[in-house]
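What follows is a single structure, written as structure tokens, with notes after it.
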């Protein structure tokens, strides 16, 4: 079993980006340009490595390899984006890896691109990339080539296998991870652990909140210690946790309502199944059904939000009432979008720089986009 934190360290120590490895400060999958860049690198790494895994490390400064972290990213539909644009798409996996010196809301993202023999190419265009484009890796760059010029690199196999073997987990790493989680990082949040199949260790912690005769956990952190993977993290959404001897289930709820933070709607169910042969798999199911609100009221809220953003754009001071409305703006824009206001999502995305100075509002902004991404992935 590979310790993903060790794997990232070993990748970063392996000179610089290469034909099997790339690093990014962050991913931006909210814009067509950001999606195009991500897909280009997936295409290039896949084509250049037909017999071994390739990797993209997210949350690292390009110049000096400083580990700065990025936001927790739990979009299980990211494979859909790859499938929508690439012919012969590789299987990819995105994992969130905590590092000791990062804030608790930051992780290093690890994209694993599985090997395949067929050449990947763009079956439709996006941003400046045209249909039928093919990319490969040359050194640290993803470059376009003709399909006949694809240079498959079989020399990386031993190097990648060596890096992965040097990243294998041990009992010491597992015990250190459990002790750190239970006794240091979350000692004030009733941390718990459970061992599955005498091998896998899951630790979790959260603040219990009771609402309408049901107990939810907020500020939840859940980790699969063996692989140093953060399975769930949210500063705002809440979850319930259930488990038996073979599985661990996280049911995520999103608080929605107009000025009502106690209305919880099921968003996604994530179940980790453990097997006797030392393997596990994660099943995810989107459960969300958006609530419907009075359209006349939503028109008023939508226009009020636009007026608020206009005032921020002009540098005007907001009243106390307007500050309260600003705090609710991400969630109310999200409600508008889910009720047929198609422009509301883009309005929210465009407001990023205006909202960033307001810490709590910006946190709500990131959570709203995370939820929207999970509910309705845009592959346009």
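The values are calculated or read from the model by the stated rules, or taken from the named source; none is laboratory data. Quick caveat, the model's predicted, so the values are computed rather than measured. Every residue, glycine among them, receives a Cβ derived from its backbone with ideal geometry; neighbour counts consider all protein chains shown.
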Practice problem: Residue by residue through the range 49-59, note down the ones that are crowded, with 22+ Cβ neighbours inside 10 Å and out of contact with any helix residue (DSSP H, G or I) (no Cβ under 7 Å at 6 or more places or on another chain). | Solution: 58, 59
Quiz prompt | Failed criterion for residue 87 (all others in (1) at pLDDT 95 or above; (2) buried (at least 21 other Cβ atoms within 10 Å of the Cβ); (3) over 23 Å from residue 284 (Cα atoms) hold) | solution = (2)
Exercise. Scan the range 60-79 for residues that are part of a loop (DSSP other than H, G, I, E, B) and either buried (at least 19 other Cβ atoms within 10 Å of the Cβ) or not assigned by TED's automatic domain parsing to the domain that holds residue 19 (or both) and jot them down.
Key: 69, 72, 73, 74
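Would you confirm, using the coordinates I've provided, whether residue 109 is farther than 15 Å from residue 21 by Cα, in contact (Cβ under 8 Å) with a residue 24 or more places away in the chain and under 14 Å from the mean Cα position of the chain (by Cα)?
Values: farther than 15 Å from residue 21 by Cα: no; in contact (Cβ under 8 Å) with a residue 24 or more places away in the chain: yes; under 14 Å from the mean Cα position of the chain (by Cα): yes.
So residue 109 does not fit the description; no.
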Quiz item: Given the structure, is residue 39 in contact with a helix residue (DSSP H, G or I) (Cβ under 8 Å, 6 or more places away or on another chain) and over 22 Å from residue 158 (Cα atoms)?
Solution: yes
Self-check item: Qualifying residue in the range 72-83 (condition: modelled with pLDDT of 90 or more, out of contact with any strand residue (DSSP E or B) (no Cβ under 6 Å at 6 or more places or on another chain) and over 17 Å from residue 28 (Cα atoms))
Solution: yes
Quiz prompt | Subset of the range 183-199 (residues that are in contact with a helix residue (DSSP H, G or I) (Cβ under 8 Å, 6 or more places away or on another chain) and assigned to a strand (DSSP E or B)) | solution = 193
Self-check item: Wholly enclosed strands (runs of 3 or more DSSP E) of the range 200-307 bearing at least 2 residues over 20 Å from residue 374 (Cα atoms) and either assigned by TED's automatic domain parsing to the domain that holds residue 184 or in contact with a strand residue (DSSP E or B) (Cβ under 8 Å, 6 or more places away or on another chain) (or both)
Solution: 200-211, 214-224, 238-243, 247-255, 264-274
Exercise. Of the conditions (1) surrounded by 14 or more Cβ atoms within 10 Å (Cβ to Cβ); (2) modelled with pLDDT under 95; (3) over 17 Å from the mean Cα position of the chain (by Cα), residue 201 clears all except one; give me its number.
Key: (2)
Quiz item: If residue 84 passes every condition in (1) within 24 Å of residue 268 (Cβ to Cβ); (2) free of Cβ contacts under 8 Å to residues at least 60 places away in the same chain; (3) not in a loop (DSSP other than H, G, I, E, B) but one, which one does it miss?
Solution: (2)
Quiz item: Picking from 374, 366, which residue would you name as being out of contact with any helix residue (DSSP H, G or I) (no Cβ under 9 Å at 6 or more places or on another chain), closer than 17 Å to residue 255 by Cβ and in contact (Cβ under 8 Å) with a residue 40 or more places away in the chain?
Solution: 374
Practice problem: Could you figure out which of (1) outside the structural domain of residue 226 (by TED's automatic domain parsing); (2) surrounded by 16 or more Cβ atoms within 10 Å (Cβ to Cβ); (3) at pLDDT 90 or above isn't true of residue 338? | Solution: (3)
Practice problem: Filter the range 134-152 down to the residues that are within 27 Å of the chain's Cα centre (by Cα) and closer than 14 Å to residue 87 by Cβ, then identify the one that is surrounded by the most Cβ atoms within 10 Å (Cβ to Cβ). | Solution: 135
Practice problem: Considering only residues that are at pLDDT below 90 and closer than 17 Å to residue 227 by Cβ, look in the range 264-297 and name the one that is surrounded by the most Cβ atoms within 10 Å (Cβ to Cβ). | Solution: 278
